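Report on the structure given below.
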Amino acid sequence: MSDTASDATLASGPTSGPALTGRAAAMRMRLMQAGAELLGEVGIERISTNQVASRAGVTPPVFYRHFKDKYDLLAALGSTLMEAQNDILYEWLERSAPAGFEELMGAHYQFLLSTIQATAEMPGAVWIMRALRAVPSLTAVRLASHEMVTDRICRAMGPLLPDMDPAELRLRTRIAVDAGYAAVEMALDDPSMSPESVCRALTQMWLGGLRHGV
């Protein structure tokens, strides 16, 4: 993902009102980009609204026109990151599920690896993922995304595993979704872990769990 693509992804983040256009959208993107960069430099606790405004080259009142506080900014960054990750997952489902269960799971490794690679190119991605776990006010953002992804996977997989109890499929899928996000973070945060080995291990674990559940 190029810098331009990263900027476009940040710009597509959710807003609290009508869709932003023109100068307002550009300023929101600028603040989010500054926040993402600073998050990777100073961490969750030390980042401040004044720092973000200064990095973006604006005054604090400009920041507060777009975000209520630093946690509102973190929520926007978290939502935007998960939307970008989820888009890769939806593409995997739409491309592979029609070909059957074996094809879908055969493509899982590449889907997960692509997610890790795309996440690595986004400014402050690891710190954004940490914030989604560490900040209580962001829990709802993370859980809503995980539930939505679980629903999409179950809708795609249900017809492919007709002998599996739907409640059991949902449980195992929900666990796999959480494991997937953790795997992305681990692959980016721990240089001793190769993304390829992480993806291979999780794919094998989930495949075994689904087959065992039928």
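At-a-glance table
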quantity	calculated
Whichever residue in region 153-166 is open to solvent by less than 70 Å² (accessible area, probe 1.4 Å) and part of a helix (DSSP H, G or I) and, among such residues, is nearest to Gly100 (Cα to Cα)	Leu160
Of all residues in region 39-64 being among the hydrophobic types (A, V, I, L, M, F, W, C) and not in a helix (DSSP H, G or I), the one that is least open to solvent (accessible area, probe 1.4 Å)	Ile47
Conditions (1) of a type outside the set (Val, Ile, Thr); (2) open to solvent by less than 20 Å² (accessible area, probe 1.4 Å); (3) under 30 Å from Asp69 (Cβ atoms); (4) not in a helix (DSSP H, G or I): number failed by Pro123	(2)
Boolean, Ala176 is hydrophobic (A, V, I, L, M, F, W, C), open to solvent by less than 60 Å² (accessible area, probe 1.4 Å) and over 25 Å from Leu38 (Cβ atoms)	yes
Every residue from region 67-95 that is farther than 19 Å from Ala179 by Cβ and either open to solvent by less than 10 Å² (accessible area, probe 1.4 Å) or in contact with a Leu (Cβ under 6 Å, 6 or more places away or on another chain) (or both)	Phe67, Leu73, Leu74, Ala75, Ala76, Leu77, Thr80
Members of region 179-211 found to be over 14 Å from His108 (Cβ atoms), free of Cβ contacts under 8 Å to residues at least 40 places away in the same chain and open to solvent by 60 Å² or more (accessible area, probe 1.4 Å), listed by number	Met186, Pro191, Ser192, Met193
Candidates Ala5, Ala36, Ala19, filtered to the one that is closer than 24 Å to Gln117 by Cα, open to solvent by 20 Å² or more (accessible area, probe 1.4 Å) and at pLDDT below 95	Ala5
Selection from region 19-38 of residues that are outside any helix (DSSP H, G or I) and within 11 Å of His66 (Cα to Cα)	Leu20
Flag if Thr139 is part of a helix (DSSP H, G or I) and open to solvent by less than 10 Å² (accessible area, probe 1.4 Å)	no
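Here is a yes/no grid of residues against (1) at pLDDT 95 or above; (2) charged (D, E, K, R):
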site: Leu132; (1), (2): no, no
site: Ala140; (1), (2): no, no
site: Ile153; (1), (2): yes, no
site: Asp163; (1), (2): no, yes
site: Arg170; (1), (2): yes, yes
site: Asp190; (1), (2): no, yes
site: Met193; (1), (2): no, no
site: Gln204; (1), (2): no, no
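The values are calculated or read from the model by the stated rules, or taken from the named source; none is laboratory data. All values derive from a computational prediction rather than experimental measurement. Note that we place each Cβ from the backbone using ideal geometry, even for glycine, and neighbour counts take in every protein chain shown. For accessibility, only protein heavy atoms count, side chains too; no ligands or nucleic acids. Shrake-Rupley method; radii C 1.70, N 1.55, O 1.52, S 1.80 Å.
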